[in-house]
Amino acid sequence: MQQTFIMVLCSVPDNTEADKIATEILNAKLAACVTMQPNVYSMYHWQGEIHQDREVLMMIKTCSTLFEPLAEAIKAIHSYDTPEIIALPISQGEPRYLNWIDQVTQ
């Protein structure tokens, strides 16, 4: 069976938390790469109100088979009650890059 790949999106409140999560999941080989975009602006419903916050968006490249352990590792560190942890399929990619994801997450 051919490996499938995903990009997991996860927003966190600041760079410190993003670095902590990224270090943990990379050390555990649950991800090949974590790209962090600071200072994204989020508006969302929470507990009956609309909130507005500056956050860091983490874009985590990994194999689909690692989603569950990756999500558990993130939740163990994440400060939000209900963290955003969503996976998007990578339907196509440069073969050498996809092979690299597969190799480093073994």
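Exposure proxy ranking for C10, C33, C63, based on other Cβ atoms within 10 angstrom of each Cβ and starting from the fewest, stands as C33, C63, C10. Residues M43, M59, M36 in ascending order of nearby Cβ atoms (within 10 Å, fewest first): M43, M59, M36.
Residues of region 35-72 falling in the label zone of D102, defined by backbone nitrogen less than 19 Å from a point 7 Å along Cα to beta-carbon, are 61-67. Once the C-beta distance of N15 and Q92 is scaled by a Förster radius of 25 Å, the resulting FRET efficiency is 0.20 to the nearest 0.05. What angle, in degrees between 0 and 90 and rounded to the nearest 10, separates the Cα long axis of helix 67-77 from the longest principal axis of the Cα atoms of the chain? Tilt relative to the chain: about 40 degrees. If the segment from N27 to A76 were pulled out straight at 0.36 nm per residue, it would be longer than the present Cα-Cα gap by 16.2 nm. Compute the acute angle (0 to 90°) between the alpha-carbon long axis of helix 95-104 and the principal axis of greatest extent of the alpha-carbon atoms of the chain; round to the nearest 10°. The two axes meet at around 80 degrees. The modelled label-to-label distance for the pair M59/N39, using points 7 Å beyond Cα in the direction of Cβ, is 1.7 nm.
Between the listed residues F5, P38, Y97, the Cα displaced farthest toward the positive end of the dipole of region 5-104, a dipole computed from Cβ unit charges relative to the Cα centre, is found at Y97. The Rg/Rh ratio of the chain, with Rg taken over Cα atoms and Rh as the Kirkwood radius over Cα pairs, comes to 1.00.
In degrees between 0 and 90, to the nearest 10, how far off the longest principal axis of the chain does helix 15-27 point, with axes built from Cα atoms? Tilt of helix 15-27: around 20 degrees.
Since every read-out is calculated from the coordinates, none of them should be taken as a lab result. This one's a predicted model, so the numbers in the text were calculated from it and none came from an experiment. Every residue, glycine among them, receives a Cβ derived from its backbone with ideal geometry; neighbour counts consider all protein chains shown.
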